[in-house]
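Each remark here refers to the structure printed beneath this line.
The values are calculated or read from the model by the stated rules, or taken from the named source; none is laboratory data. Predicted, not measured: the structure shown is a model, and the values here were computed from it. Every residue, glycine as well, gets a Cβ built from its backbone with ideal geometry; the counts of neighbours run over all protein chains shown.
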Amino acid sequence: MSTIDDLITHNRAYVASHGHSELPTAPQLHLAVLTCMDSRLDLFGALGLNLGEAHLIRNAGGIATDDAVRSLLLSQRLLGTTAVMVIHHSRCGLESFDEETLQRELEVEFGARPPFRLGAYRNADVDVRETIATLRANPFVATTEIRGFVFNVDDGALREVEL
């Protein structure tokens, strides 16, 4: 059996024990979280969130890509979120490579560079600040409350980044 087959089996057990409750589409806490796709981030557990309370927008590094901005715009405009948490984390894979070097390698291998930034960075605090600045400068993101944090993947602690 493959990993995906195992997950499908798990889903059948989940459905059998889940019950049938209909959650509202709009997140109850009016919160959107822009964060990394890293599998070590259990933000529901770490923040005490329940299903239906917040939108989690995830990508490599939790950066303010066009798609992340699109998701925030829809979250705010159509589903009533008013607060945004930007959460980066310790020991992120984006800290482990040089953007220009990887871009050159991809160009050699594929004949072109990707049309998007890969997002490499060296300092999570600096990148949180840059991500928030990008969001605040974007006319499509309401900036009522945007705060930034770094999540420690080793102990689960969340530390606010001074802006």
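Can you pull out the residues in segment 14-35 that are in a loop (DSSP other than H, G, I, E, B) and under 13 Å from Gly52 (Cβ atoms)? If the condition is that a residue be in a loop (DSSP other than H, G, I, E, B) and under 13 Å from Gly52 (Cβ atoms), then Ser21, Glu22, Leu23, Pro24, Thr25, Ala26, Pro27, Gln28, Leu29, His30 are the ones that fit.
Out of curiosity, is Phe97 part of a strand (DSSP E or B) and of a type in the set (A, V, I, L, M, F, W, C)? So Phe97 does not fit the description; no.
Scanning segment 36-78 for residues that are out of contact with any Ser or Thr (no Cβ under 9 Å at 6 or more places or on another chain), assigned to a helix (DSSP H, G or I) and under 21 Å from Arg91 (Cβ atoms) returns Phe44, Gly45, Ala46, Leu47. For segment 67-77, the criterion of being more than 17 Å from the chain's Cα centre (by Cα), closer than 25 Å to Leu23 by Cα and either modelled with pLDDT of 95 or more or among the β-branched types (Val, Ile, Thr) (or both) is satisfied by at least one residue.
Of everything in segment 112-149, what is in contact with a Gly (Cβ under 6 Å, 6 or more places away or on another chain) and free of Cβ contacts under 8 Å to residues at least 12 places away in the same chain? Give them in sequence order. None - no residue of segment 112-149 is in contact with a Gly (Cβ under 6 Å, 6 or more places away or on another chain) and free of Cβ contacts under 8 Å to residues at least 12 places away in the same chain, so the list stays empty. Considering only residues that are among the polar types (S, T, N, Q) and free of Cβ contacts under 8 Å to residues at least 12 places away in the same chain, look in segment 20-39 and name the one that is nearest to Arg159 (Cα to Cα). The extreme case among them is Ser39. Of the residues making up segment 80-94, one or more are more than 23 Å from Glu160 (Cα to Cα) and modelled with pLDDT of 95 or more.
In segment 109-144, the residue that is farthest from Leu41 (Cα to Cα) out of those that are among the charged types (D, E, K, R) and exposed (fewer than 12 other Cβ atoms within 10 Å of the Cβ) is Glu109.
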